[in-house]
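To start, the structure itself, in structure tokens.
The values are calculated or read from the model by the stated rules, or taken from the named source; none is laboratory data. As the structure is a prediction and not an experimental result, all values here were calculated from the model. Positions of Cβ are backbone-derived with ideal geometry, glycine not excepted, and every protein chain shown enters the neighbour counts.
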Amino acid sequence: MATYLEIHPENPQVRLLRRAAGILREGGLIAYPTDSCHAIGCSLDNKEGIERIIRLRQLDSKHHFTLMCRDFAQLGQFVEVDNAAFRTIKSLTPGPYTFILRATKEVPRRMMHPKKLSVGARIPDHRVAQGLVEEMGEPILSSTLLLPGEEEPLTEGWRIQEEIGSQLDGIIDADVPGTEPTTVIDYLDGRAPVVVRRGAGDTSRFE
């Protein structure tokens, strides 16, 4: 069963964040809260972790994994942000948005879209998620904790433990986050950004 960590949502205990980061560094898969809903994540170099996420969520090869980043500077190391996208993305982060962008060479090929060589990237407005990424020193490879056949993601730590605790190595309980996944904005076209999923973030500026 997964290690269960109760972390304060506003003042995260550093020792518990370090423990969660240790689980990730040791090849573990964890569920953790963000500003939109819970995500499941592993370290960037964890090939088995990616495969476990794919099996857990029953994902296909077209799925865009997300890089959970600490800040805009870190995001810019892993995805290409041109001048047209820079100002808009900067103004929306941190926040409940995922941006589909071309990946840089820092991103493992196996987590890119196989044809577009792209990846999702976001900066959460959540102290626990940001603290965890900071402890890792690199983005966390993540996906929304939305189980097959379900319409809404799991939002409570105890329920995650009850339903899929045997398939995870760690669960962070830090209050109940939102129930909506992020809004996803695709910047691959080279022209106007496209809203590919409406979620927790406002889409009015893109319509």
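Note on the stretch 33-53: residues that are within 14 Å of the chain's Cα centre (by Cα) and over 13 Å from Glu138 (Cα atoms) total 11.
So that you can scan it fast, the table gives a plain yes or no per residue for (1) more than 21 Å from Gln58 (Cβ to Cβ); (2) modelled with pLDDT under 90:
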site	(1), (2)
Gly120	no, no
Gly137	yes, no
Leu141	no, no
Val176	yes, yes
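The residues on offer are Phe99, Phe206, and the sole one that is modelled with pLDDT of 90 or more and out of contact with any Cys (no Cβ under 6 Å at 6 or more places or on another chain) is Phe99.
With the condition kept exactly as written, say whether any residue in the stretch 54-68 is among the basic types (Lys, Arg), surrounded by fewer than 17 Cβ atoms within 10 Å (Cβ to Cβ), assigned to a helix (DSSP H, G or I) and touching a helix residue (DSSP H, G or I) at 6+ places or on another chain (Cβ under 8 Å). No, the stretch 54-68 contains no residue that is among the basic types (Lys, Arg), surrounded by fewer than 17 Cβ atoms within 10 Å (Cβ to Cβ), assigned to a helix (DSSP H, G or I) and touching a helix residue (DSSP H, G or I) at 6+ places or on another chain (Cβ under 8 Å).
Here Gly49 meets the list (1) in a strand (DSSP E or B); (2) under 19 Å from Pro114 (Cβ atoms) almost entirely, failing just condition (1).
Filtering the stretch 163-201 down to residues that are closer than 30 Å to Leu17 by Cα and among the acidic types (Asp, Glu), which residue is surrounded by the fewest Cβ atoms within 10 Å (Cβ to Cβ)? For the stretch 163-201, the residue satisfying everything is Glu163.
Cys37 passes every criterion in (1) of a type in the set (A, V, I, L, M, F, W, C); (2) modelled with pLDDT under 95; (3) surrounded by 23 or more Cβ atoms within 10 Å (Cβ to Cβ); (4) within 18 Å of Ser166 (Cβ to Cβ) apart from (4).
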